[in-house]
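Student: Take this structure, written in structure tokens, and hold onto it; I'll ask about it next.
Each value in this text was obtained by applying a stated rule to the coordinates, not by laboratory testing. Being a predicted model, the structure only gives us computed values, none of them experimental. Here the Cβ positions follow ideal geometry from the backbone for every residue, glycine too, while neighbour counts run over all protein chains shown.
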Amino acid sequence: MEQTLDPYQMLDSLAWQIELGADEAILDAPVNRYEAEEKVAAAAPAAQPGKADTPVAPVAVASEIDPVVEARLAAGEADSLAALAVAMQAFEHCDLRMGARNFVFADGNPEARVMIVGEAPGRDEDREGKPFVGRAGQLLDRMFDAIGLGRAHPDTENALYITNILPWRPPQNRDPRPEEMAMMLPFVKRHIELAAPELVVLMGNIACQGLLGRRGITRLRGNWQEVMGRPAMPMFHPAFLLRNPAAKREAWADLLDIQARLEG
Ligand code: URA
């Protein structure tokens with residue numbers, strides 16, 4: 001077999017499978033998969049000669065289902081945040097849900113004036129079922145605390161509401177795939193509509209890609225955009241700021257801009 005992974009990637013992949021609960025690499029007895037396929041083929045109904053013009057009920061095949069259309073329908077029917085969370089959790093077309101421990105919907109106060117949209121849960125968020133609780137999340141809390149806003153703030157005026165583009169953790173924190181984003185986006189948009197914040201903060205490139213249709217956070221950050229008819233500020237993602245502390249200067253300028261907008 002062609003070797004495509006280096007030993008470290010293999011180790012990561014093994015660790016990921018163990019995290020998912022895999023506890024054995026081989027079974028006690030060998031399984032002949034070719035034989036299993038033959039059995040399935042033999043069990044399938046054979047074509048019946050002479051019945052060619054009998055009308056046959058159309059069989060819905062998976063490829064006929066458009067997950068984006070399904071998501072739009074499900075999201076559109078949700079008339080409250082609780083209903084939206086239920087609809088998202090029941091949405092079957094995104095395979096990420098199978099590898100995730102938890103569904104991560106939102107945190108903070110849904111009445112908040114500011115709604116933050118991040119990328120996707122990481123390991124800590126997947127464990128706790130809440131967005132932005134790992135190292136990047138702690139930095140995010142400190143950043144907004146500096147302008148008097150917080151997810152646990154008792155006063156709605158100073159509260160934050162936080163969600164992500166994806167509610168399930170991608171394996172090994174890989175970037176969300178375009179098709180995953182496309183099918184979850186109707187839910188994110190409905191989420192913004194229902195929460196109706198005064199302004200939206202787009203944390204990093206993935207949030208910008210999803211809600212503005214473009215990336216390039218270095219140029220976008222600091223410039224007000226519009227999302228669902230609301231002002232939206234793209235900012236450097238706190239995970240990026242952890243790796244590039246010098247960029248905190250720009251992040252601070254963006255926070256002050258958000259504060260000024262809220263006060264104005
Ligand atoms: N990064 C994100 O974008 N979202 C989280 O919830 C955690 C890390």
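Student: Once you list every other residue whose beta carbon is under 11 Å from the beta carbon of PRO197, what net charge do they have if Lys and Arg are +1 and Asp and Glu are -1?
Tutor: Local charge sum for PRO197: -1.
Student: Hey, another quick one. Once phi is turned into ³J(HN,Hα) by the Karplus curve 6.51 cos²θ - 1.76 cosθ + 1.60 with θ = phi - 60°, what whole-Hz value does each residue of segment 122-127 show in order, with x for glycine and proline?
Tutor: Using θ = phi - 60°, the values come out as x, 4, 5, 5, 4, 5 Hz.
Student: What's the magnitude of the charge dipole for segment 85-209 around its Cα centre, counting Lys and Arg as +1 and Asp and Glu as -1 at the beta-carbon? Answer in Debye, nearest 20.
Tutor: 280
Student: Something else: What number results when the radius of gyration of segment 76-132, computed over Cα atoms, is divided by 2.2 N^0.38 Å? Walk me through the intermediate numbers first.
Tutor: Details: Rg = 12.1 Å, N = 57, 2.2 N^0.38 = 10.2 Å.
So segment 76-132 has a normalised radius of gyration of 1.19.
Student: Calculate the length of the line joining the C-alpha centroid of segment 240-264 to that of segment 70-96, in whole Å.
Tutor: 33
Student: Return the sequence-ordered ³J(HN,Hα) values of segment 157-172 in whole Hz as given by the Karplus equation 6.51 cos²θ - 1.76 cosθ + 1.60 applied to θ = phi - 60°, using x for Gly and Pro.
Tutor: Listing the rounded values in order: 3, 10, 8, 10, 10, 10, 9, 9, 5, 10, x, 10, 6, x, x, 6 Hz.
Student: While we're on this one: Using amide H atoms built 1.01 Å from N in the peptide plane, name the residues 5+ places from HIS237, or on other chains, whose amide H lies under 5 Å from its own.
Tutor: GLY204, ASN205
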